[in-house]
1. Per-residue counts of other Cβ atoms within 10 Å, averaged by peptide: what ranking do you get for 157-165, 403-411, highest first?
2. If the limit is 25 Å between Cα atoms, which of Lys150/Lys329; Lys150/Lys331; Lys331/Lys492; Lys331/Lys584 go over it?
3. Specify whether the C-alpha gyration tensor of segment 474-606 places it in the rounded, prolate or oblate class, a ≥ b ≥ c being the square roots of the eigenvalues: rounded for a/c under 1.5, otherwise prolate if a/b is larger than b/c and oblate if not.
4. Could you run the Karplus curve 6.51 cos²θ - 1.76 cosθ + 1.60 with θ = phi - 60° over segment 261-270 and give me ³J(HN,Hα) per residue in whole Hz, x for Gly and Pro?
5. Take Thr83 and Asp378, extend 7 Å from each Cα along the Cα→Cβ direction, and tell me the distance between the two endpoints in nm.
6. Accessible area per residue for the chain in Å², computed with a 1.4 Å probe and the full protein assembly in place, what is it?
7. Under the rule of at least 5 residues apart or a separate chain, name every residue whose amide H is placed under 5 Å from the amide H of Val119.
8. Mind listing the Cα extents of segment 413-517 along all three principal axes, in Å, largest one first?
Amino acid sequence: MTNIAREMRRGAVALGAIGTLLLGGCVSSGSEKYFVKSATIPAGATAEERADIASRVVPSEQQLAWQQLGLTAFLHFGVNTFTNREWGDGTESPDLFAPSDFDAEQWVATLKNAGFKLVILTAKHHDGFCLWPTSTTDHSVASSGWLEGKGDVVKALREACDKYDMKLGLYLSPWDRNAPCYGDSEKYNDMFVAQLSELLGNYGKIDEVWFDGACGEGPNGKRQEYDWERFRKVMEELQPDAVLAITGDDVRWVGNEDGMGRETEWSVTPLVPTIYPWSGAANDSLGINVMSGDLGSRELLAKAETLHWWPSEVDVSIRPGWFFHPDEKPKSVRELADIYMQSVGRNSTLLLNIPPDRRGRIAPSDSLRLMEFKGWMDRNFSAPLGSGDGTVKFDAPVAVNCVLLGEDISKGQRVESFIVEGLSDGVWKPLADGTTIGYRRILTFEPADVEAVRVNITSSRGKANLNPIEAYLIEMPAEEAPANGTVPAGHKAVAGATASLHGNDVRVSLPGLTKVTGFVYTPHADARPGTVYRYECVASRDGGEWTVPAGSGKEFGNIMHHATPRTVIFERPVDARYIELRIKEDSRGGIDVAASWDDIAILTAE
Ligand code: FUL
């Protein structure tokens, strides 16, 4: 395939010499003309013309294949697994990486049995530690004692995926807290390109490449400028069939890490993917970002200059953290079923993280939970009560409480609103309504005895192309108490502690001298300013002399995207009357803690 043909297939033609991008590879099918992956809206287009163009933006072949996967798995594994952290700072010794019973086949066999079609490994997380023996840095498995430095997690996973016919994706964090050249933009981009080339060139077929958006300052105090266009070219060259996720323009991050898709989820959006140099300015002028609630309404189309087929991926962990932490438990089947309905059921793919433990295996509790989750999906969705084009007819009245809808997205996403109706005693009555449908929409409602079910499209951008409707009677798993508490076994919160604010420091006064074992910091659910990101924890017996308890940490990694309670247990208890958190940075990059102090519980042994 020539380069131009390849890029057309992906839906964008790059005019290298002048460095601009012409959007919207255009193909015809019958009388309809489609824009593969993106389209440019001519200046002065009317509202109707804009909706018409939006209705004819369609996925590339790769995006369509990806969308059909439905269930995909994430594996967060690396030095954090052994340090019990969410974000490493890059100073960790490679020797910390010491899985005692590593078995990539067990990962893949477990995930295959549970119905997953693709697995994505964190080949390098923000700490910079590479799970393959790279030539770009010593900070890798080759410098660890694991298998005497001869191990290669990526290779082992590749082999396991081949054996079990599983697709493989790789997460390569652009943010690298170990690389000395990070922040020296050109130098680091060279290193990143070399890493990417190793991963995409030496490990067979890669189906998804995941570039996280996190970006920080390098040791030189400068912010790294990533060369996305160069990274994209490496991908085009080495893995033209892979989708490029998150900062890439094939797969969009849904905007949260809670397993929650939007009820109105447009795969066609004016939001410009990060990989395009003009994305910042374009998205600012539209007043939207990847977390915005509305990414595709007609109001937005009215202001749009380009449109992109950029479908949503919901990434969430089966446990509170992305990495394995011994004190955490997997989510309940009910929580997973809710996540399924809010992701796969809302025009998104689900990327569920199952973090291998310190042995280098998926923990029994997690594989058991995955099988329970699969059991729930199979029991409820393997065979519909009935299906039909536009209407589902039954021979006799049956109880239904769920419909599964889908548009033929090879012809675009068009439905703007619809009503689901049931026929009982010869009368059509509304059962449920919704806005977008997209690739798949699952709606539940109160059980109703019906002779037929139909869908009424009440608003659409051109002719809607619905796949057959499927009707079900499903049962959600029973509600359970949340699987995870915040105070770990063997500890309890000190009663009668009071907190006060001293400048940017939060001081907790304890009722008397106490053997403090740690603390729990509970952020606000929406990670607003005031949520603590970087801190120093100090303890004092008298309020005059302060020491830093060993193991008290420095930051709550990823709290800006994942506002979960953070439990810190000191390496050994300290005798203290006061504990202070000295705030260095909040989750939005400032220091504004006025709202946070009463969110800290001090722990002591039970
Ligand atoms: C985030 C990262 O910062 C987390 O650590 C995790 O890898 C998640 C999937 O993406 O942005």
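The values are calculated or read from the model by the stated rules, or taken from the named source; none is laboratory data. If you're wondering where the values come from, they're calculated on a predicted model, not measured in any experiment. So basically every Cβ, Gly included, is an ideal-geometry build from the backbone, and we count neighbours across all protein chains shown. Quick note on the areas: whole protein, heavy atoms, side chains included, nothing else; ligands and nucleic acids left out. Shrake-Rupley method; radii C 1.70, N 1.55, O 1.52, S 1.80 Å.
1. Going by the mean number of other Cβ atoms within 10 Å, highest first, we get 403-411, 157-165.
2. From Lys150/Lys329; Lys150/Lys331; Lys331/Lys492; Lys331/Lys584, over 25 Å: Lys150/Lys329; Lys150/Lys331; Lys331/Lys584.
3. oblate
4. Using θ = phi - 60°, the values come out as x, 6, 5, 9, 10, 8, 7, 9, 9, x Hz.
5. Placing both labels 7 Å beyond Cα along the Cβ direction yields 4.1 nm.
6. It amounts to 40 Å² per residue over the chain.
7. Ala73, Lys167, Leu168, Gly169
8. 75, 33, 22
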